[in-house]
Amino acid sequence: MSKQWIAILAALLLLTSCGSKPDASPDTAAKTEPPASQPISGGEKPKAAEGASASNQPAPASAKDGKESAPADSVKKQEQQVAKRYTMNPKTYDIVPIDPNGAPKKVVLLTFDDGPKDLEMNKALLETLQKHKAKAIFFLNGYRVKQKPELVKLLASSGQTIGNHSWDHIDLKKEAKEKVNQQIGDVQKAIKELTGKAPVFFRPPFGSGSDDVRAKAKEEGLLFMTWSNGSKDWEMTVKKNSPEQVISNVLSQLHPGSNILMHELPWTVEALDKLLTQLEEKGYGFVDPEEIETTS
Ligand SMILES: [Zn+2]
């Protein structure tokens, strides 16, 4: 091939890749809202694509889910395969290296439940996570997904992982099987329609599960989890200006593999930068949810 042809091809490649770049602005935002009380789980995320350039494909947003007509502006993610280096202890919900010598043990998993609620909070959370090169699972409720689809796309396109937190945030343990299936299944569908990808992590509201809940999660390919380090940020409704309390609650329960439960709440958003800084100072890293094995 002549040099000329190569130059023309290169120019074309560049053009198409620029045009299709998803607006992956990692903003921040985390938000408010008291979750009910208890432990839970997640989804899968695209790894931060660094070194951008001609690697973004112009492909149509959901080439891979053939049948669902892809949403026009579906989040087009660069699905880079991330090596699975971690697994979850099914009893404690801690995150541990699959191979003790294959990955650092001193890590935490960051999770934010009950969103998506508010653009400013989401942007703030994303900004802080990006600053610390951290990834988290955002466990979303279906009714909020329906209200704020644009926030779901923002989170997904920012490289964060979306998890299933049921549709209505009700206590699934008290519900009949049919209702449980709908509460979990409808969220899978809604998120897949918006992002092109169904979640692979599930956390029941209030950490309240049952055999039916676990069976449905398994059927949907979801890793069921509660948490192992509750920030108790949901107990702060009377002390709304207590980011320090969020930090001390997490640090007092800190241990390798901590599965940290937080929420989209103003004081948590405010606490996050300092919390992540302190975790780093203590030698902790942040597990990319994509690195967690979700199938057993
Ligand atoms: Zn919740």
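The values are calculated or read from the model by the stated rules, or taken from the named source; none is laboratory data. Everything numeric in this text was worked out from a predicted model, so none of it was measured. In this analysis, Cβ positions are derived from the backbone assuming ideal geometry, glycine residues included, and neighbour counts consider all displayed protein chains. Each accessible area value is taken on the protein alone, full model and side chains, heavy atoms only, with ligands, DNA and RNA left out. Shrake-Rupley method; radii C 1.70, N 1.55, O 1.52, S 1.80 Å.
Taking only the stretch 104-122 into account, find how many residues are open to solvent by 10 Å² or more (accessible area, probe 1.4 Å) and either at pLDDT below 95 or more than 16 Å from the ligand (Cβ to nearest atom) (or both). Explain how you work it out, then say what you get.
We begin by selecting, within the stretch 104-122, every residue open to solvent by 10 Å² or more (accessible area, probe 1.4 Å); these are 104-106, 117-121.
Pick out the ones that are also either at pLDDT below 95 or more than 16 Å from the ligand (Cβ to nearest atom) (or both) and you get 104-106, 119-120.
Residues flagged as open to solvent by 10 Å² or more (accessible area, probe 1.4 Å) and either at pLDDT below 95 or more than 16 Å from the ligand (Cβ to nearest atom) (or both) within the stretch 104-122 amount to 5.
Residue by residue through the stretch 246-277, note down the ones that are of a type outside the set (A, V, I, L, M, F, W, C), under 27 Å from Lys91 (Cα atoms) and assigned to a helix (DSSP H, G or I). Give the steps one after another, and end with the answer.
As a first pass, look at the stretch 246-277 and keep what is of a type outside the set (A, V, I, L, M, F, W, C): 248-249, 252-253, 255-259, 263-264, 266, 268, 270, 273-274, 277.
Those still in the list that are under 27 Å from Lys91 (Cα atoms) too: 248-249, 252-253, 255-259, 263-264, 268.
Result: Ser248, Asn249, Ser252, Thr268.
Quickly run through the stretch 231-281 and pick out the residues that are among the small types (Gly, Ala, Ser) and out of contact with any strand residue (DSSP E or B) (no Cβ under 7 Å at 6 or more places or on another chain).
Of the stretch 231-281, the ones among the small types (Gly, Ala, Ser) are 231, 242, 248, 252, 257-258, 271.
Of everything in the stretch 231-281, those that are among the small types (Gly, Ala, Ser) and out of contact with any strand residue (DSSP E or B) (no Cβ under 7 Å at 6 or more places or on another chain) turn out to be Ser242, Ser248, Ser252, Ala271.
For the stretch 138-150, check the following and say yes or no: at least one residue is modelled with pLDDT of 95 or more, under 24 Å from Met88 (Cα atoms) and surrounded by fewer than 21 Cβ atoms within 10 Å (Cβ to Cβ).
Start the filter on the stretch 138-150 by keeping residues that are modelled with pLDDT of 95 or more, which leaves 138-150.
Checking which are under 24 Å from Met88 (Cα atoms) leaves us with 138-141.
If we keep only those that are surrounded by fewer than 21 Cβ atoms within 10 Å (Cβ to Cβ) as well, we get none.
The answer is no; no qualifying residue exists.
In the stretch 172-198, which residues are outside any helix (DSSP H, G or I) and away from the ligand (no atom under 16 Å from the Cβ)?
Step one: filter the stretch 172-198 for residues outside any helix (DSSP H, G or I), giving 175-176, 196-198.
Residues satisfying the conditions are Ala176, Gly196, Lys197, Ala198.
Any idea which of Phe201, Phe206 is within 15 Å of the ligand (Cβ to nearest atom), open to solvent by 20 Å² or more (accessible area, probe 1.4 Å) and within 20 Å of Leu110 (Cα to Cα)?
Numbers: Phe201 fails: open to solvent by 20 Å² or more (accessible area, probe 1.4 Å).
One residue alone meets the criteria, Phe206.
Looking at Lys67, is it more than 16 Å from the ligand (Cβ to nearest atom), modelled with pLDDT under 50, of a type outside the set (Ser, Thr, Tyr) and more than 16 Å from the chain's Cα centre (by Cα)?
On the way: more than 16 Å from the ligand (Cβ to nearest atom): yes; modelled with pLDDT under 50: yes; of a type outside the set (Ser, Thr, Tyr): yes; more than 16 Å from the chain's Cα centre (by Cα): yes.
Answer is yes for this residue.
Return the residues of the stretch 213-243 that are open to solvent by less than 50 Å² (accessible area, probe 1.4 Å), farther than 23 Å from Pro256 by Cα, more than 16 Å from the ligand (Cβ to nearest atom) and at pLDDT 95 or above; say none if nothing qualifies.
Answer for the stretch 213-243, where residues must be open to solvent by less than 50 Å² (accessible area, probe 1.4 Å), farther than 23 Å from Pro256 by Cα, more than 16 Å from the ligand (Cβ to nearest atom) and at pLDDT 95 or above: Lys216, Gly221.
Between a first residue in the stretch 116-133 that is among the hydroxyl-bearing types (Ser, Thr, Tyr) and a second residue that is at pLDDT 95 or above, which pairs have beta carbons less than 7 Å apart while being 6 or more apart in sequence or on different chains?
Between residues of the stretch 116-133 that are among the hydroxyl-bearing types (Ser, Thr, Tyr) and residues that are at pLDDT 95 or above, the close pairs are Thr128/Leu272; Thr128/Asp273; Thr128/Leu276.
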